[in-house]
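The values are calculated or read from the model by the stated rules, or taken from the named source; none is laboratory data. Just so you know, these numbers come straight off a predicted model, no measurement behind them. Glycine also receives a Cβ, built like all others from the backbone with ideal geometry; neighbour counts cover every protein chain displayed. Quick note on the areas: whole protein, heavy atoms, side chains included, nothing else; ligands and nucleic acids left out. Shrake-Rupley method; radii C 1.70, N 1.55, O 1.52, S 1.80 Å.
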Amino acid sequence: MNTFKKIRELRAELLNHRLKNKKIGLVPTMGALHQGHISLVEKAKESSDLVAVSIFVNPTQFNNPEDLEKYPRNIERDLDLLCEAGCDIVFAPEVAEIYAAPHDLKINFGALENSLEGKFRPDHFSGVGQIVSKLFNIFQPHSAFFGQKDLQQFFIIKKLIDQLSFPIDIHMVPTKREANGLAMSSRNERLTQGERLEAGLIFKTLQESADAILNGTPINLVIERTNELFKQNQRLTLEYFEVVETDNFTGIPSVSDPKKTALCIAAEIGKVRLIDNLLLNY
Ligand code: PAF
């Protein structure tokens, strides 16, 4: 496994592989890796000759400075995990390498960013669009792999690829979960054992709500029930729970296409913000 910190050196290495017609699969990450990331690497290995992973905690997608400061970082452990998983190339630049000059470009994703994560985290998706476009230009991969846990992000990046004509196949990889259903996330490192157990309620709520909707309970009642359930919980604070269509991530009063319907949730526990989702036909 080769690790690079500089764009110029990484590009030279990748060019060698591209000239040999090697198919490059890219897994963009912010590090603090867990089995969810490793499943992205494994998926990438199935269809790529060379798997590249970027590790970069991107400051422009954090709207909360405390969240950026507290974001877990553990590069040595990340490199061990990636080496074990059979990753070929790692790019782990410093912030100054990526944002050498001031970057004030804003990307607006229209309706897709007016709800859920976009609404609660102003400018978050502009920052994601900015870094992912940069990574696509630096790596020029054939395919790129993202986790379903960040479902709205997946559709934002799909839009970026379609509208900026990046010649990249995008793949969504299912969420990896702890035994109690808690979605694996780098942020889970900041939870106590008790909080981890309690946070299992997030996935339980998603499953029970999806089942209720499939059994004919109106969406507004399911949402009301979830709001009540979280009000009674001492540790978890619900930020949003919505049933949306994945075309625009806007709340819907009833289901018209189960394949395009997702239940999305964000909740806070002990100052750690967690998100999760379930496609209705899970
Ligand atoms: O999902 C993430 O870890 C980040 O948002 C990404 C896609 C690596 C961009 O910084």
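Observations on the model:
- The chain - share of DSSP beta bridges that are antiparallel (%, nearest 5): 50
- Length gained on full extension, Glu84 to Lys259, computed as 0.36 nm times the residue gap minus the Cα-Cα distance: 59.4 nm.
- Under a model in which nothing but the beta-carbon of Lys, Arg (+1) and Asp, Glu (-1) is charged, the chain shows a dipole of about 460 debye around its Cα centre.
- Value at 222 nm in deg cm²/dmol, rounded to 500, when DSSP H runs of n ≥ 4 in the chain each add -39,500 (n - 2.57): -12000 deg cm²/dmol
- Given Lys5/Lys45; Lys45/Lys271; Lys22/Lys134; Lys70/Lys260; Lys43/Lys259, the pairs whose alpha carbons are separated by over 30 Å: Lys45/Lys271; Lys70/Lys260
- Sequence of Met30, Met1 from largest to smallest accessible area, 1.4 Å probe: Met1, Met30
- Taking every protein chain into account, the 1.4 Å probe leaves Glu268 with about 80 Å² of accessible area, to the nearest ten.
- Rounded if a/c under 1.5, otherwise prolate or oblate - region 152-282, Cα gyration tensor axes: oblate
- For the chain, carbon and sulfur atoms together expose 49% of the accessible surface, with a 1.4 angstrom probe and every protein chain in place.
- Exposure ranking of Cys264, Cys83 by accessible area [1.4 Å probe, largest first]: Cys83, Cys264
- Accessible area of Leu229 in the full protein assembly, 1.4 Å probe (Å², nearest 10): 70
- If R0 is 41 Å, the Cβ-Cβ spacing of Lys231 and Ser47 corresponds to a FRET efficiency of close to 0.35.
- Note on Asn16 and Asn114: with the Förster distance fixed at 51 Å, the Cβ-Cβ geometry gives a FRET efficiency of about 0.75.
- Global size of the chain as Cα Rg and Dmax, reported in angstrom: 19.1, 60
- Cα shape, region 107-223, gyration tensor, a/c 1.5 rule: prolate
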